[in-house]
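Since the structure comes first, as structure tokens, the remarks are kept for the end.
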Amino acid sequence: MTINYKGDAVRAISTLGLGGVDITKWPITDAEVAALKSNIGYALALTSGLSALGQLSLVDGIVNPFSTESEIDLGASSNQVYNATSDLYAPKKSVFPGTEVTSNPIDTDSGTWADYTMRILVPASQISADGTFIKVRFEASATEGLKIDNASIVERSSGADGVGVPTELLFSAASGFDIAAGAQIESDALEFSLDSTKDYLICVDVSNDTAKDLSRGNAGGNLSRYYKAATNSYNTQTLAGATFNSGTSSFVNRITVGLSENMIVQSNAITANAVPTEAHLSFVLIAPGAVPDTDIKGYVSRDGGTTFTQVPLSSQAVGFPWNVVHFGGVDISGQPSGSSMKWKFESANNTDLNFENVTLLWN
């Protein structure tokens, strides 16, 4: 929701709910933890707004807690990913080369697998970070090429089964690959939610070419495999009757996730009572190491987004350790005259962050 009380900033900033959670009853649920975080964000918005009201006599404004995506101008925003559970935005992570989150050194040949399907189990313990875009790298034996008809990935349910139908991995926009002995190949970037608390299956359908079916993998490693003869399973949820090899894997060398894109989030326009001359912007950010006015930037416009003025940001860590409120005032009297108010947030330098709870006030 967008909260907008023209001429009454106190009501605008205090309307945000500060509903309590009973922390005397443990354990508290994930939903209650999320509520606590949101309430802290609301309190930050309230405090920032009251400060601006008292010191700068700003009496009009809006608050965006991001309870829905309709609070922002989607057409003017870019590379943002909305988290409806936590009511925040984060950058799309699609910049490669990215960060390696699973490493599986290839060091052992382990049989020939023409016309087999294989599912490589990647346990959560071997995934070091989350991602929204991924690439998977495969490697052939040093003595024989490798030909794969199809490959895919799916979150694991139990055994060799996925929670749904696997998502295909493509290679130069095509299914499967054919690489020479000792060669490696990396899949195209795939938009896929990788959660480091969950297990995944890399599904591989080996071709029936007996000259290119030697498995090069890792014996005694941290990945395992399921396999079954004369079966294609890259696009099926379940794989019944598969044999399991614990600690032995094939083909998969590593998984990488993309780095954060530079993100722009811009508000919808709100009409002010009169032509504003100064404004105060504040927001909550989770971005360890981010430098205000360099890695993260805030802007205000009074002409509907045609002209923006950058807000010099100060920051203060408050609440949960990862919550930082960024705030600043700015003179917008030099902009073309108008009363169509907008804020804009930009990230730079591929900064990883969560962005939430925005307050914009003006006089």
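The values are calculated or read from the model by the stated rules, or taken from the named source; none is laboratory data. Predicted model, so just to flag it, every value in this text is computed and none were measured. Positions of Cβ are generated from backbone atoms using ideal geometry, with glycine treated the same way; all protein chains shown enter the neighbour counts.
Those strands (runs of 3 or more DSSP E) of segment 93-169 in which 2 or more residues are in contact (Cβ under 8 Å) with a residue 24 or more places away in the chain and touching a Pro at 6+ places or on another chain (Cβ under 6 Å) occupy 146-158.
Residues are listed down the side, and each one gets a yes or a no for (1) of a type in the set (F, W, Y); (2) under 30 Å from N363 (Cβ atoms); (3) modelled with pLDDT under 95; (4) surrounded by 16 or more Cβ atoms within 10 Å (Cβ to Cβ):
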| site | (1), (2), (3), (4) |
| --- | --- |
| A181 | no, no, yes, no |
| K212 | no, no, yes, yes |
| S233 | no, no, yes, yes |
| G241 | no, no, no, no |
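Considering each residue of segment 172-187 in turn, at least one proves to be hydroxyl-bearing (S, T, Y) and not in a loop (DSSP other than H, G, I, E, B). Could you run through segment 257-274 and say how many residues are more than 28 Å from the chain's Cα centre (by Cα), part of a loop (DSSP other than H, G, I, E, B) and either surrounded by fewer than 19 Cβ atoms within 10 Å (Cβ to Cβ) or modelled with pLDDT of 95 or more (or both)? Counting residues in segment 257-274 that are more than 28 Å from the chain's Cα centre (by Cα), part of a loop (DSSP other than H, G, I, E, B) and either surrounded by fewer than 19 Cβ atoms within 10 Å (Cβ to Cβ) or modelled with pLDDT of 95 or more (or both) gives 2. Counting only residues that are in contact with a strand residue (DSSP E or B) (Cβ under 7 Å, 6 or more places away or on another chain), within 17 Å of V154 (Cα to Cα), in a loop (DSSP other than H, G, I, E, B) and among the hydroxyl-bearing types (S, T, Y), segment 212-256 holds 3 of them. The set of residues from segment 193-210 being of a type outside the set (D, E), buried (at least 18 other Cβ atoms within 10 Å of the Cβ) and either farther than 22 Å from T238 by Cβ or in contact with a Phe, Trp or Tyr (Cβ under 9 Å, 6 or more places away or on another chain) (or both) comprises L194, L201, I202, C203, V204, V206, S207.
Each row is one residue, and each column tells you yes or no for (1) of a type in the set (V, I, T); (2) assigned by TED's automatic domain parsing to the domain that holds A240; (3) in contact with a His (Cβ under 8 Å, 6 or more places away or on another chain); (4) more than 25 Å from A230 (Cα to Cα).
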{"site": "G111", "(1), (2), (3), (4)": "no, yes, no, no"}
{"site": "T117", "(1), (2), (3), (4)": "yes, yes, no, no"}
{"site": "I120", "(1), (2), (3), (4)": "yes, yes, no, no"}
{"site": "F133", "(1), (2), (3), (4)": "no, yes, no, yes"}
{"site": "S141", "(1), (2), (3), (4)": "no, yes, no, no"}
{"site": "F192", "(1), (2), (3), (4)": "no, yes, no, yes"}
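Within segment 275-286, at least one residue is outside the structural domain of R119 (by TED's automatic domain parsing), assigned to a loop (DSSP other than H, G, I, E, B) and out of contact with any Gly (no Cβ under 7 Å at 6 or more places or on another chain).
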